Amino acid sequence: MSPLNHYQQPIGSALPNWQPRPFPQRIVLEGRYCRLEPLAPRHASALFQAHQQAEDERSWTWLLREADKDEASFRAWVTSVCELRDPLHFAVIDKRTDSPVGSLSLMRIDEKNGVMEVGSVHFSPLLSRTPASTEAQWLLMRYAFDTLGYRRYEWKCNSLNEPSR
C-alpha cells in the first residue's frame, strides 16, 4: 500500500536518492517494424512524399504549423528543427522500405524531475494504424523509462483529435 499524507491521500513512495536524469540524445532506436533516427535534412524529400500520399491535409489540423506546399518549404522546416535540443525530433523509418514515413519528438524535457512529453506526432498514411506506428511510440517510451530512467512520459492531444485519442 502506498504511504498516505496527513489528509489520508496516497502519495507514493519517497524518492530520497532521486537524481536528475540524463538528457535524451540523438540516437537511433531499433525496432522490429521501424527505426527511429534523429530527424535530418536527408529525410525531408522522402518524408514530404510520404505525407503527399494523404488524400487531403486533415493530418495537419492539430499540429502547430500548416502543411507545406512544396518540398523546399518542408526541407527548410526540417533543417530548422533538426538540431534543436528541445523538442528533439525523430524520423520514423519503415524497415521494410528503409524510408521515412512519419516523425515525432520528445519535448518539454525536464531532466531534473524525470519528465518528458512526446509531441509533434505526424504519421503519414504509410505509417498510420500500422504495427510500426505503435512500435514508434513504444521505442520512445522504452528509451525514456528503461534507458534514461524518467518517471513520467506525457502524451497530450487536442480533445477533438479523435485519431490521436
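The values are calculated or read from the model by the stated rules, or taken from the named source; none is laboratory data. The model shown is predicted, which means the values in this text are computed figures rather than measured ones. Please note: Cβ atoms are built from the backbone with ideal geometry, for glycine as well, and neighbour counts cover all protein chains shown.
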Scan of the stretch 6-49 for residues that are farther than 29 Å from Ser120 by Cα and among the hydrophobic types (A, V, I, L, M, F, W, C), ordered by number: Ile11, Ala14, Leu15, Trp18
The lone exception for Ile109 - which of (1) assigned to a loop (DSSP other than H, G, I, E, B); (2) among the hydrophobic types (A, V, I, L, M, F, W, C); (3) buried (at least 16 other Cβ atoms within 10 Å of the Cβ); (4) out of contact with any Ser or Thr (no Cβ under 6 Å at 6 or more places or on another chain) it fails: (1)
Number of the exception - Leu84 against (1) over 25 Å from Gln52 (Cα atoms); (2) touching a residue at least 12 places away in the same chain (Cβ under 8 Å): (2)
Inter-residue pairs, beta-carbon under 6 Å, first more than 19 Å from Lys156 (Cα to Cα) and in the stretch 59-70, second assigned to a loop (DSSP other than H, G, I, E, B), 6+ apart: Ala67/Glu57
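Residue-by-condition table, conditions (1) in contact with a strand residue (DSSP E or B) (Cβ under 6 Å, 6 or more places away or on another chain); (2) in contact (Cβ under 8 Å) with a residue 60 or more places away in the chain; (3) under 19 Å from Ala50 (Cβ atoms):
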position	(1), (2), (3)
Glu117	yes, no, no
Pro131	no, yes, yes
Ala136	yes, yes, yes
Leu139	yes, yes, yes
Ala144	yes, yes, no
Gly149	no, yes, no
Arg152	yes, no, no
Cys157	no, yes, no
Asn161	no, yes, no
Every residue from the stretch 66-85 that is surrounded by fewer than 14 Cβ atoms within 10 Å (Cβ to Cβ) and not in a helix (DSSP H, G or I): Glu66, Lys69, Asp70, Glu83, Leu84, Arg85
In the stretch 33-54, residue surrounded by the fewest Cβ atoms within 10 Å (Cβ to Cβ) [restricted to those that are touching a Pro at 6+ places or on another chain (Cβ under 8 Å) and assigned to a loop (DSSP other than H, G, I, E, B)]: Gln53
Qualifying residue in the stretch 146-160 (condition: surrounded by fewer than 15 Cβ atoms within 10 Å (Cβ to Cβ) and on the phi > 0 side of the Ramachandran plot): yes
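Yes or no: the stretch 131-146 includes at least one residue that is more than 15 Å from the chain's Cα centre (by Cα) and either under 16 Å from Gln25 (Cα atoms) or in a helix (DSSP H, G or I) (or both).
yes
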Index of the failed condition, Ser120 passing every other in (1) in contact with a Leu (Cβ under 9 Å, 6 or more places away or on another chain); (2) within 24 Å of Gln25 (Cβ to Cβ); (3) at pLDDT 95 or above: (3)
